[in-house]
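Beneath this line is the structure, given in structure tokens, with notes to follow.
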Amino acid sequence: MDFDFTRLPPQDRYRLLTNFVGPRPIALVTTRSEAGHNNAAPMSFFNVFSQDPPIVILGIQTRADGNEKDTLVNIRRTQEFCVNMVDMPIAEAMILCGVNFARDVDEPAFAGLETEACRQIDARYLTSTPCAMECRVERIIDYPRRAIILGEVVEMTVRDDCLDAAGRYVNPEVYQPVARLHADNYIVADRQFELKKPDGAAAWEAAQLTPPAEKTT
Ligand SMILES: Cc1cc2nc3c(=O)[nH]c(=O)nc-3n(C[C@H](O)[C@H](O)[C@H](O)COP(=O)(O)O)c2cc1C
């Protein structure tokens, strides 16, 4: 089958893109409302794109009525947000936070999630998240019904048990993120495996660096 995306209605493009581009990590984004309420919403149009500068990206669409979601309203006003990674113990709470509540509902509290004050931004992170990333807006790219937000990570708070003893790499037995597949389908990273370059790879790569004149011998 073939689909001409230039002619396809947006909801069909959404279905196809999200069915095939997955699993997508989930950012449970916490922000502060103008009245001071905590807000939390899951976003799976999310990923990290760079470490220098450390940039994460969110894609937030408008609601069906055309209004902006609370997360976007808060981010535009404060220029700050926190990304909380999601694992199985908080997966059901994450889904609750995805319900379209009124602006003054404290979604983390409603979902039974405890929070703590972020260190560098005016928001709260989820105490039980494996990893919280405090972000400041680097830029917002606006489309008619969509905003793409580039956030620069200024602080990362990691749950101790998620890291190895040296504090360098994740402990794969503990840190098993939940990601979104198609529709209401999710997957958890509990079947991890190593895939290494073959033994000859270093030699092949070195050969690419050899000047052409020397290669001909
Ligand atoms: C797993 C999951 C991923 C989602 N990803 C996105 C997303 O990337 N962009 C978006 O605009 N909405 C996404 N949503 C929907 C929002 O979470 C939902 O509209 C929420 O009510 C917005 O809350 P807010 O008004 O507090 O910002 C997702 C929902 C779920 C359950």
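Of the conditions (1) in a loop (DSSP other than H, G, I, E, B); (2) away from the ligand (no atom under 13 Å from the Cβ); (3) surrounded by 14 or more Cβ atoms within 10 Å (Cβ to Cβ), GLY112 clears all except one; give me its number.
Only one criterion is unmet by GLY112, namely (3).
Just give me the residues in segment 52-91 being part of a strand (DSSP E or B), within 12 Å of the ligand (Cβ to nearest atom) and farther than 13 Å from GLY151 by Cβ, in sequence order.
Once the filter is applied, which keeps residues that are part of a strand (DSSP E or B), within 12 Å of the ligand (Cβ to nearest atom) and farther than 13 Å from GLY151 by Cβ, segment 52-91 yields only GLN61.
When the residues of segment 103-143 are filtered to those that are under 19 Å from the mean Cα position of the chain (by Cα) and of a type in the set (Lys, Arg), which remaining residue is nearest to GLN51 (Cα to Cα)?
Across segment 103-143, the extreme among qualifying residues is ARG136.
Which residue pairs have Cβ atoms closer than 7 Å, lie 6 or more positions apart in sequence or on different chains, and pair a first residue in segment 10-29 that is without any contact (Cβ under 8 Å) to a residue 60 or more places away in the chain with a second residue that is surrounded by fewer than 17 Cβ atoms within 10 Å (Cβ to Cβ)?
ARG13/PHE5; LEU16/PHE3
Would you call ALA41 touching a residue at least 40 places away in the same chain (Cβ under 8 Å) and part of a strand (DSSP E or B)? Can you show your working first?
On the way: touching a residue at least 40 places away in the same chain (Cβ under 8 Å): yes; part of a strand (DSSP E or B): yes.
Criteria met by ALA41.
I want to confirm something. Restricting to segment 37-86 and keeping residues that are surrounded by fewer than 22 Cβ atoms within 10 Å (Cβ to Cβ) and acidic (Asp, Glu), which single residue is nearest to the chain's Cα centre (by Cα)?
Among residues in segment 37-86 that are surrounded by fewer than 22 Cβ atoms within 10 Å (Cβ to Cβ) and acidic (Asp, Glu), the one nearest to the chain's Cα centre (by Cα) is GLU80.
Throughout, read-outs are computed from the coordinates displayed, never taken from laboratory work. What you are looking at is a predicted structure, and each value in this text was computed from that prediction instead of being measured. Please note: Cβ atoms are built from the backbone with ideal geometry, for glycine as well, and neighbour counts cover all protein chains shown.
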